[in-house]
Amino acid sequence: MTGTDDMPGAVGSSPAAGVDEGEVWALVRQGTSGAGHIIRRLFQLRTRMWQETVPCDLTGPQFTVLGTLYVHGSMDQRTLGQHAGLDKSTAAPIVERLRGRGLLVIGRDTADARRKLLELTLEGRQMVIRTAPFAAEVDEQLLAALTADERAEFARLVDRVLEAERPR
């Protein structure tokens, strides 16, 4: 044997005892063309569109953080994560990069010195203002194939999936 003959699905291999090949095929097809695959493809498409459309050195998640602070004002990192839909392990390095670029500052809450607040700098506000039209264009491009009703339905269905995962 060559070693590969023992692997399920390898050329010249026979199915492992007790394995329902039809069930395995169905699971493989679901895993390679199901929701996760479609979401990954959408993410790749949006990332490509963002890179082609947005003229500044700012990623989509970085814009989300800056935009959230622009709309809601200063807040702690946990609240930012809730508003922006980012978990702590994702938000923390983004915040640190933006702080390093001078687009936001981290200060202390005057009412509770233990609490750190994130706030846009003037440069951060200007970056949001410059980038917002391009970010909106990316969204428009991404959903261009859908009618207004289909876009609303798409958003409703995605929100429903995400709501099912939110902690209660």
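Considering the chain at the alpha-carbon level, its Rg and Dmax are found to be 22.4, 72 Å. Remark: region 32-117 carries 63 Å² of accessible area per residue (probe radius 1.4 Å; ligands, DNA and RNA excluded).
Note on the chain: dipole from Cβ charges, positive end direction compared against G107, S74, G85; the farthest Cα belongs to G107.
Using the Cβ-Cβ distance between D139 and R115 with R0 set to 35 Å, the FRET efficiency from 1/(1 + (r/R0)^6) comes to roughly 0.60. Computing FRET efficiency as 1/(1 + (r/R0)^6) for A132 and T79, where r is the C-beta to C-beta distance and R0 is 35 Å, gives about 0.95. By Kyte-Doolittle mean hydropathy of at least -1.0 and Cα axial length of at least 20 Å, which whole DSSP H helices of the chain are selected? Once both thresholds are applied, what remains is 35-53, 122-142, 148-165. Extension gain for L162 to V24 (0.36 nm times residue separation, less C-alpha to C-alpha distance): 46.9 nm.
Here the contact order of the chain, divided by its residue count and restricted to Cα pairs under 8 Å and six or more residues apart, works out to 19 percent. Segment D87..L45, full-extension length gain: 12.9 nm, with 0.36 nm per residue of separation and the alpha-carbon distance subtracted.
Here the spin labels are modelled as points 7 Å beyond Cα on the Cα-Cβ line, and at Y70 and D149 they lie 3.3 nm apart.
The values are calculated or read from the model by the stated rules, or taken from the named source; none is laboratory data. Predicted, not measured: the structure shown is a model, and the values here were computed from it. No Cβ is skipped: glycine too gets one built from the backbone with ideal geometry, and neighbour counts run over all protein chains shown. Keep in mind that these areas ignore ligands, DNA and RNA; they rest on the heavy atoms of the full protein, side chains included. Shrake-Rupley method; radii C 1.70, N 1.55, O 1.52, S 1.80 Å.
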